[in-house]
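Contents: one structure, followed by commentary.
The values are calculated or read from the model by the stated rules, or taken from the named source; none is laboratory data. Every value quoted in this text rests on a predicted model; they were computed, and no experiment measured them. Here the Cβ positions follow ideal geometry from the backbone for every residue, glycine too, while neighbour counts run over all protein chains shown.
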Amino acid sequence: MKPQNTSVNLSILVIDDEQSIRDGSERILVRMGYQVYKASRGSEGLAILAENSASIVLLDLKMPGMDGMEVLSRIHHMDPQILVIVITGYATIETAIEAMKKGAYDFIPKPFEPDQLRIVINRAREKIRLTEEARRLEQERQRNLADLGAEKSRVRTIVESLPNGVLVTNIQGQVVLMNPAFCWLMGIPIDQETGKPVESYVQDTGFCNLIKAICQKTSRESDSTYEFLVGEDKYFQAIGRPVLSEEGECLGAVVNLTDVTAMKVLDRLKSEFVAKVSHELRSPLSTIHEQLALVLRDMAEKESSRDQYLLSRAKEKTQGMISLIGDLLDLSHIEAGNVCKERQPVRVDDLLKNIVDFLGTRFRSKEQSIQLDLPETPLPFVNADPMALESIFGNLITNAINYTPNFGHICVSAHRVSNGIEVNVTDTGFGIEARHLDQIFKRFFRVKNEKTRFITGTGLGLPIVKGLLDELGGTIQVQSEPSQGSAFTVFLPIAEPD
């Protein structure tokens, strides 16, 4: 930025007993843009300074009456910021040096040329400009520090008033901030000093490992979540993310702690309610279903088509209700975390063969063809719950049969990928519109149109598949087009070697 010309804002006082020096200096300084005051004696100059402000004083050291040294001392007493430039003859250079030791800014010897005066005045003007700039920067710095202090105070007030616990650590895992909610949740005294490793405040190993893992991240792509139990009846959920600098360097971790005890209790009560109601409904529905089957078998001999149709529909509805109850129970088990606990090595290729054989009656009744493509070399073991895998692939293959018309084709294939096993279930069925693809894994959602409205189902099969895969650490993807069929791809991690 171009420096501002401050000469028009400065006034200069010339104190000299020689008329020619006063008048000559005035002519030069006025042309440079300064306002000039003149005084022939020291007392007269001090009186002018008392009435007017001046930034620079040209002071002759040898004057009748008050000595120049005395005038210099009084000027500094009046305003230390005034720059005094002494004017002296060659015979008094030592006196000028002494004056500078006592606070004079510069000196100019007599007689002087106009250029000499201009150089000294410009140097003094630059000194004033730099002094004012330094003062302005200092004021701005003080303002910024005050603003920063106020901002820190506001942020700290907000953090301390949050209902959830907040913990902040540095890259070494040392605690730098704990809000009162965190201290209260973890049973830590409110006045507990920070600065110690997180293990000194929270004894849960998983929580401490969460902090260490977050401190190794270099992006905020996803939050890290961890649930743990404190005591016998307190459940907490910790959600953490790294604190990154502008250059992407991890500076530490910030963790939000929430008490989820009430949610856990509610989930448990909901699961117990679903289990109890489902159990109470399953038995009578099963009995009704069996009795309807017996009645239909007896009526087959009487050939009453209308009554047969009505009873068949009733039998289908009871079977649908039984399936719904079973799916609800499966979902409640998944939500309660009671699935996939008893894991063991499972061969997926053998499991798929058994499921295809078991469902053979279904696809043969619709005159569908099914193809099972498995590699010649046996696939590696998957560490999983066999019942969970049967539910996953049983649901997918059953859906392929149900949503593929007669004479359609279904293909089930499996192959090894770099870090797991990939299973594909494809069909030539009705397909799914793109707008429904992100909803098919939601509970009770079913695609209903002219082609699928007669297909019975609960809308819970795919949510169960998704929930079980989440428990197993697997994933599922789908590609589909209307009237072109669907392709479901399941990824399962392979078992770790012993």
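Would you be able to say whether some residue in the stretch 156-177 is touching a residue at least 40 places away in the same chain (Cβ under 8 Å), assigned to a helix (DSSP H, G or I) and not assigned by TED's automatic domain parsing to the domain that holds ILE12? Checking the stretch 156-177: not a single residue is touching a residue at least 40 places away in the same chain (Cβ under 8 Å), assigned to a helix (DSSP H, G or I) and not assigned by TED's automatic domain parsing to the domain that holds ILE12.
Would you check if ALA39 is small (Gly, Ala, Ser) and either farther than 21 Å from ILE128 by Cα or surrounded by 14 or more Cβ atoms within 10 Å (Cβ to Cβ) (or both)?
yes
Being part of a helix (DSSP H, G or I), charged (D, E, K, R) and surrounded by 13 or more Cβ atoms within 10 Å (Cβ to Cβ) is a property that does not hold for ARG136. Considering the stretch 378-423, and only residues there that are modelled with pLDDT of 90 or more and aromatic (Phe, Trp, Tyr), the residue that is surrounded by the fewest Cβ atoms within 10 Å (Cβ to Cβ) turns out to be PHE407. Within the stretch 54-78, can you find the residues that are loosely packed, with under 15 Cβ neighbours inside 10 Å and polar (S, T, N, Q)? Selection gives SER73 alone. Residues that are closer than 19 Å to LYS127 by Cα and not aliphatic (A, V, I, L, M) within the stretch 68-115 comprise HIS76, ASP79, PRO80, GLN81, LYS101, LYS102, GLY103, TYR105, ASP106, PHE107, ASP115, listed in sequence order.
The residues on offer are ARG347, ARG362, and the sole one that is charged (D, E, K, R) and within 47 Å of the chain's Cα centre (by Cα) is ARG347. Out of LEU328, LEU281, one residue alone is crowded, with 17+ Cβ neighbours inside 10 Å and either modelled with pLDDT under 70 or not basic (Lys, Arg) (or both). It is LEU328.
Checking VAL274, VAL295 one by one, the residue that is in a helix (DSSP H, G or I), in contact with a helix residue (DSSP H, G or I) (Cβ under 9 Å, 6 or more places away or on another chain), at pLDDT below 70 and not assigned by TED's automatic domain parsing to the domain that holds ILE455 is VAL274 and no other.
Residue by residue, here is whether (1) among the charged types (D, E, K, R); (2) under 17 Å from PHE488 (Cβ atoms) holds:
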position	(1), (2)
LYS353	yes, no
GLU367	yes, no
LEU372	no, yes
LEU379	no, no
MET387	no, no
ILE401	no, yes
GLY408	no, yes
GLU422	yes, yes
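Taking the criterion of being out of contact with any Pro (no Cβ under 8 Å at 6 or more places or on another chain), touching a residue at least 40 places away in the same chain (Cβ under 8 Å) and of a type in the set (Gly, Ala, Ser), the residues of the stretch 407-433 that qualify are GLY408, SER413.
Hey, among ASP223, ASP233, ASP191, ASP204, which residue is surrounded by 16 or more Cβ atoms within 10 Å (Cβ to Cβ), among the charged types (D, E, K, R) and out of contact with any Cys (no Cβ under 8 Å at 6 or more places or on another chain)?
Answer to the check: ASP204.
When the stretch 91-113 is limited to residues that are loosely packed, with under 14 Cβ neighbours inside 10 Å and in contact (Cβ under 8 Å) with a residue 12 or more places away in the chain, the one that is nearest to VAL57 (Cα to Cα) turns out to be LYS102.
Screening the stretch 386-491 for strands (runs of 3 or more DSSP E) wholly inside it with 1 or more residues that are outside the structural domain of SER365 (by TED's automatic domain parsing) returns no ranges. Residue check: is ILE410 in contact with a helix residue (DSSP H, G or I) (Cβ under 7 Å, 6 or more places away or on another chain), within 21 Å of ARG446 (Cα to Cα) and of a type in the set (A, V, I, L, M)? Yes: the conditions hold for ILE410. For the stretch 342-362, state whether one or more residues are at pLDDT below 85, of a type in the set (Asp, Glu), surrounded by fewer than 20 Cβ atoms within 10 Å (Cβ to Cβ) and closer than 18 Å to GLY461 by Cβ. Scanning the stretch 342-362 turns up no residue that is at pLDDT below 85, of a type in the set (Asp, Glu), surrounded by fewer than 20 Cβ atoms within 10 Å (Cβ to Cβ) and closer than 18 Å to GLY461 by Cβ.
Among the residues of the stretch 189-236, the ones that are outside any loop (DSSP other than H, G, I, E, B) and either of a type outside the set (Phe, Trp, Tyr) or out of contact with any Gly (no Cβ under 7 Å at 6 or more places or on another chain) (or both) come to 22 in all.
Considering the stretch 365-381, and only residues there that are free of Cβ contacts under 8 Å to residues at least 40 places away in the same chain and not in a helix (DSSP H, G or I), the residue that is farthest from the chain's Cα centre (by Cα) turns out to be GLU376.
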